[in-house]
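**Student:** Pasting in a structure now, in structure tokens, and then I'll have a few things to ask.
The values are calculated or read from the model by the stated rules, or taken from the named source; none is laboratory data. What you see is a predicted model; the values in this text were computed from it and never measured. Cβ sites come from the backbone with ideal geometry, for glycine too, and all protein chains shown count toward neighbours. Please note that ligands, DNA and RNA were not included when accessible areas were found on the heavy atoms of the full protein model with its side chains. Shrake-Rupley method; radii C 1.70, N 1.55, O 1.52, S 1.80 Å.
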Amino acid sequence: MAGNKIDWQKRYKQLENSSKHDCIKHYYRNAIFDGNTAISDVPLVALDFETTGLNFNHDDIVSAGLVPFNTRRISCSGSKHWLVNPKQKLDEESIVIHGITHSEVVDAPDFSKIIEPLLAALAGKVIVVHFAPIERHFLYQALQARLGEGLEFAVIDTLELEKRALKARQGLIGRLFNKKLDSVRLVDSRKRYSLPAYQSHSALTDALATAELLHAQLAYHYRDDTRLADLWI
């Protein structure tokens, strides 16, 4: 669905023209596509999903959290969180991970009820996540199951940025000897920048944690005029 060499301007236009739903068309029409734009000039939004499992072809979204921000400030007042009733039953393993129980989702709306406000909140911003396959694939499949079409989007992945930073620190010698990289899990990545510990596996908290992590990564490893094309995938 995505890669470093995608011409997002062309791709978003193609997708807008072929889309059948106004909320998805609106997302593509307002998408940021110029890879030469400096990261300091870009509105961003951190996105996180909690799910019933890790198989996006079978599992479903349980909650969604997002936090808008830019390179100067995080707008907690603009944050949003939704609890939704998944198509699959919650299993014990997923309940242990995210703490969301059957009783909490039984009266929650289906994901279809939050599609319009979710896409409206994402429109006109570059999406930031920690481990892109989760948010990309789960959002695509959730929309496909309910609207008959998914969503494609460029993304800044803080996990991938952390891998780059660790490989740079490791150096050629470390790579030659196949030295194992340190963990790039969200909690472990944050520790390297002395960011505070949050309770993991809450969609809204993890979105905030991802936004803060990107702030730290940019401050340590990048310039204000770094191009989007050097950061997104």
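**Student:** Any chance you could count how many residues in segment 51-60 are more than 19 Å from VAL155 (Cα to Cα) and either of a type in the set (A, V, I, L, M, F, W, C) or in contact with an Asp or Glu (Cβ under 9 Å, 6 or more places away or on another chain) (or both)?
**Tutor:** Matching residues across segment 51-60 total 4.
**Student:** Quick check on my filter: what residues within segment 1-29 are closer than 29 Å to HIS221 by Cβ and open to solvent by 30 Å² or more (accessible area, probe 1.4 Å)?
**Tutor:** MET1, ALA2, ASN4, LYS5, ILE6, ASP7, GLN9, ARG11
**Student:** Can you tell me which residue within segment 201-229, out of those that are in contact with a helix residue (DSSP H, G or I) (Cβ under 7 Å, 6 or more places away or on another chain) and among the β-branched types (Val, Ile, Thr), is nearest to GLY53 (Cα to Cα)?
**Tutor:** So, considering only residues that are in contact with a helix residue (DSSP H, G or I) (Cβ under 7 Å, 6 or more places away or on another chain) and among the β-branched types (Val, Ile, Thr), the one nearest to GLY53 (Cα to Cα) is THR210.
**Student:** While we're on this one: Can you tell me how many residues in segment 41-84 are over 16 Å from the mean Cα position of the chain (by Cα), open to solvent by 50 Å² or more (accessible area, probe 1.4 Å) and under 21 Å from LYS113 (Cα atoms)?
**Tutor:** 3
**Student:** Where in segment 1-111 are there helices (runs of 4 or more DSSP H), lying fully within it, with 1 or more residues that are modelled with pLDDT of 95 or more?
**Tutor:** Filter on segment 1-111 gives 8-18, 22-29.
**Student:** Next question. Identify, please: which residue in segment 18-49 is polar (S, T, N, Q) and in contact with a helix residue (DSSP H, G or I) (Cβ under 6 Å, 6 or more places away or on another chain) and is, among those, nearest to LEU186 (Cα to Cα)?
**Tutor:** THR37
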